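J.: Sharing a structure, written as structure tokens. Questions coming.
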Amino acid sequence: MASPFFPSLTKVWHRESYPAISPSRPEISAKGKVVVITGGASGIGSSITRTFAAGGSTKNAILARREENLVATKESIERDFPSTEILGLSTDITSRRQVEDAFAKIAETFGEINVFVSSAAYMPTGAPVLSQQCDLDDWWQTFTTNILGVIQASRAFARHAADGARVLNVSTCLATTPPLEPNVSAYAASKAASSKVFDFIALENPGLKVFNIHPGLVETEMSLKSGHGGMDHIDLSGDFCLWLTSPEADFLSGKWVWVNWNVDELKARTEEILTTDLLDTKLGGVSFAGFNGNVRDI
């Protein structure tokens, strides 16, 4: 068992994948599911794409800006999983037309979408937000991608979603923790905002299962841009996401989860998670358990 880097909800803290979330488990199989992953051609998104192929999904669509990454990911996964088809679509999620065209092509090719993973993101060059070294155009581009782009992709998915579809928002611990380091204000704030939007997507669409996820501390091109490497294996991110799309994880819909947490311990707390505000996005130290949310009565 690895030592937790952060305070942990579970006693067991994982840095690598483990049997309970293995793609080889038939109970969490992705067989027959149409899976769409934005940012699915690099970093954590690419790992998630590979995991769903390993888990039995033969119809996977990936959206990314860089054509060379799309081609490389498609060739690699289709070589390793010959029954899997990867539909790679060069898409800038900040372009509404490109997003709508991409999802129309996915629906035409594969049909209704069972799993939507929002993994595309942008991180600017780091600098203190009030300093002259902070390029505000670059800073604001983070919000354009991580909020507007994410919502445009989510709306396009909704038009082609299958009944009971799953929505996974790949976020970051920075969206919910106190400020841990300087120079990442745009990334943390934009991810916090988009995660809150997914809270509302869960509330407004009870037919969907929606999850906000911290994907671990993984070395990627984006993490290196922030000056950090990684300590978690990238397979942990993908395998945990696959597990979230299984019925075993239904009780976590509308909640915030970290891939490092042990799923057996989480399942043991199902009743507590369902009946309290544990894992909700809220103000610390204030309980909203039992609040009916009917603000119109005020």
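J.: For region 10-29, check the following and say yes or no: at least one residue is surrounded by 24 or more Cβ atoms within 10 Å (Cβ to Cβ), in a helix (DSSP H, G or I), in contact with a helix residue (DSSP H, G or I) (Cβ under 8 Å, 6 or more places away or on another chain) and in contact (Cβ under 8 Å) with a residue 12 or more places away in the chain.
T.: yes
J.: If you don't mind, there's one more thing I want to ask. Looking only at residues in region 159-203 that are over 16 Å from the mean Cα position of the chain (by Cα) and within 16 Å of S118 (Cβ to Cβ), which one is surrounded by the most Cβ atoms within 10 Å (Cβ to Cβ)?
T.: Applying the filter and picking the extreme gives A161.
J.: Tell me which residues, restricted to region 30-46, are of a type outside the set (A, V, I, L, M, F, W, C) and either under 15 Å from S83 (Cα atoms) or assigned to a helix (DSSP H, G or I) (or both).
T.: K31, G32, K33, G43, G45, S46
J.: Here is a further query. If I filter region 118-158 down to residues being of a type in the set (A, V, I, L, M), over 19 Å from the mean Cα position of the chain (by Cα) and surrounded by fewer than 18 Cβ atoms within 10 Å (Cβ to Cβ), which single residue comes out as nearest to A249 (Cα to Cα)?
T.: The extreme case among them is V129.
J.: Then there is this: Looking at this structure, is A54 touching a Pro at 6+ places or on another chain (Cβ under 8 Å) and either touching a residue at least 12 places away in the same chain (Cβ under 8 Å) or farther than 16 Å from K105 by Cβ (or both)?
T.: yes
Listed here are the residues, each with its yes/no results for (1) at pLDDT 95 or above; (2) more than 14 Å from G238 (Cα to Cα).
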position	(1), (2)
S42	no, no
T51	yes, no
G55	yes, no
L63	yes, yes
E78	yes, yes
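J.: Could I ask something else about it? Restricting to region 85-108, what's the tally of residues that are aliphatic (A, V, I, L, M), surrounded by fewer than 21 Cβ atoms within 10 Å (Cβ to Cβ) and under 19 Å from A53 (Cβ atoms)?
T.: Qualifying residue count for the region: 1.
J.: Another question, if that's okay. Against the condition within 30 Å of G285 (Cβ to Cβ), at pLDDT below 95 and in contact with a Phe, Trp or Tyr (Cβ under 7 Å, 6 or more places away or on another chain), how does L168 come out, does it pass?
T.: Here the answer is no, as L168 does not meet what is asked.
J.: Right, next: Please find, among G45, G111, G32, G40, the residue that is exposed (fewer than 15 other Cβ atoms within 10 Å of the Cβ) and within 17 Å of A153 (Cα to Cα).
T.: The unique qualifying residue is G111.
J.: Failed condition for S17, given (1) among the polar types (S, T, N, Q); (2) within 24 Å of L279 (Cβ to Cβ); (3) at pLDDT below 95, with all others met?
T.: All conditions pass for S17, except number (3).
J.: Could you please find all residues in region 248-290 being among the hydrophobic types (A, V, I, L, M, F, W, C), assigned to a loop (DSSP other than H, G, I, E, B) and either over 21 Å from the mean Cα position of the chain (by Cα) or within 23 Å of A165 (Cα to Cα) (or both)?
T.: Those that are among the hydrophobic types (A, V, I, L, M, F, W, C), assigned to a loop (DSSP other than H, G, I, E, B) and either over 21 Å from the mean Cα position of the chain (by Cα) or within 23 Å of A165 (Cα to Cα) (or both): V259, L279, L283, V286, F288, A289.
J.: Restrict the check to region 229-237 and report whether at least one residue is in contact with a strand residue (DSSP E or B) (Cβ under 9 Å, 6 or more places away or on another chain) and either at pLDDT 95 or above or within 19 Å of G39 (Cα to Cα) (or both).
T.: yes
J.: Further, regarding this structure: Any idea which residue in region 103-152 is nearest to V184 (Cα to Cα), counting only those that are touching a residue at least 40 places away in the same chain (Cβ under 8 Å), touching a Ser or Thr at 6+ places or on another chain (Cβ under 9 Å) and polar (S, T, N, Q)?
T.: Taking the candidates together, the pick is T142.
The values are calculated or read from the model by the stated rules, or taken from the named source; none is laboratory data. Model, not experiment: these values are computed from the prediction. Note: ideal-geometry Cβ built from the backbone for every residue, glycine included; neighbour counts use all protein chains shown.
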